[in-house]
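The values are calculated or read from the model by the stated rules, or taken from the named source; none is laboratory data. Since the structure is predicted, the reported quantities are computational estimates derived from the model, not experimental observations. The area values use the complete protein model at the heavy-atom level, side chains included, leaving out ligands, DNA and RNA. Shrake-Rupley method; radii C 1.70, N 1.55, O 1.52, S 1.80 Å.
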Amino acid sequence: MKLKSMTLEEMGALFKELRQPAFRAKQVYTWLHKGARSYEEMTNLPKDLRAVLEEKYPIYAPVAVRRQESKLDGTRKYLWQLEDGNCVETVLMRYHYGNSVCISSEVGCRMGCAFCASTLGGLVRKLQPHEMLDQVLFTQLDSGLPISHIVLMGIGEPLDNMENVLRFLELVNSKEGMNISLRHISLSTCGLVPKIDELAQKKLQLTLSVSLHAPNDEIRNTIMPVNRAYPVEELLAACRRYYQATNRRISFEYAMINGVNDGPEHAKELLRRLKGLPAHFNLIPLNHVEESPLKPSTKAAVARFQKILEDGGVTATVRRTLGGDIDASCGQLRRKHTKENQ
Ligand code: SAH
């Protein structure tokens, strides 16, 4: 395992093996979590220790191969190159409450959603914990903007990489590290029911976002293959269990697709199915992906849908489109980059 994917306790155990005092582990942990690019920078460590670490645990810092900045709203998008040459995207969004990064959890994705650019080339590999941490850390360093919020809504399915994601959460939340509160973190899933149950048992204070996108199996089956394994009723039952275990309101994402899932009857069906489950809806006008025939809903259809949910007692917000001028929706920049380099 890479040093940067280790918890402070694990690093402590390792340093003990290296016959180093415990405070050295804390020094190295702190340096790594501040974004040190080499052991040379770690001037409070003895030279011989630095040499040993360099030999056994070389440090890699991701390289920004592309940077885009929206002229409309200051949203920034990074394409980071990982140690093995693969690339992932990170988006930095500026809100009144702070700066938020949307990070990737995998290189590619195997979930196959019909509207999503991230899944077009399939799954290449899962990200290691430090590769998720690095996205937060180096986006902060490169931009000079302090990051207070994280959404796991970039490329990949976080619950398909659960172990590494949980470890990442522990790292980014650690007080010797970036110390970002779990209450400021959202994790988005396409609906892997057994994993939602597993996560519920951890009783974390993060926000679970569920990509619902349809009120019933008939529609959801056509746009999200995962629904064949975990149909809507089972998914909503898992959401109820999650709420019971954590007392955290579920946030549902709903990409509004013209003529597919945006009718008043769909909003009404959602209300019927969600009865008794505290929920918040994020309505996202579909981002058009070149390879897909699906189109965004009209503004009027989105507004009508929102009103029906609200009138039925379910809060619904329309997600502001940020970075409309910079391919900011997930997977689009990596896809372009891969195509150009083929
Ligand atoms: N795999 C996770 C997280 C990554 S996608 C998940 O499925 O939730 C983050 C969100 O963006 C999901 O709700 C996803 O369905 C949505 N999304 C993907 N492509 C989109 C597009 N073209 N337009 C709007 N939303 C999209």
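Per residue, how much accessible surface does the chain expose to a 1.4 Å probe? Answer in Å², no decimals.
I get 45 Å² per residue for this part.
For a test of the definition: using alpha carbon positions, the gyration tensor, and the 1.5 limit on a/c, classify segment 187-342 as rounded, prolate or oblate.
It comes out oblate by the Cα gyration axes.
Express the relative contact order of segment 63-341 as a whole percentage, based on alpha carbon pairs under 8 Å and six or more residues apart in sequence.
Relative CO of segment 63-341 lands at 18 percent.
If you project the alpha carbons of the chain onto the principal axes, what extent comes out on each, in Å, largest first?
Between the extreme Cα coordinates on each principal axis of the chain lie 69, 45, 36 Å.
Measure up Lys16/Lys126; Lys2/Lys56; Lys275/Lys295; Lys4/Lys203; Lys26/Lys202 against 19 Å on the Cα-Cα distance and list the ones that go over.
Lys16/Lys126; Lys275/Lys295; Lys4/Lys203; Lys26/Lys202
Assign one of three labels to segment 114-201, namely rounded, prolate or oblate, based on the Cα gyration tensor with a ≥ b ≥ c the square roots of its eigenvalues; rounded applies when a/c is under 1.5, prolate when it is not and a/b is larger than b/c, and oblate otherwise.
oblate
For Arg228 and Glu198, calculate 0.36 nm times their separation in residues minus their Cα-Cα distance, and state this gained length in nm to one decimal.
8.8 nm
Roughly to the nearest percent, how much of the accessible area of the chain is carbon and sulfur, given a 1.4 Å probe?
50 percent
Using Stokes-Einstein with the Kirkwood hydrodynamic radius over Cα pairs, what translational diffusion coefficient do you get for segment 3-56 at 4 °C and a viscosity of 1.567 mPa s, in µm²/s rounded to a whole number?
Translational D for this selection: 117 µm²/s.
Please report the relative contact order for segment 3-56, taking Cα pairs under 8 Å with a sequence separation of at least 6, and give it as a percent rounded to a whole number.
Relative contact order, segment 3-56: 26 percent.
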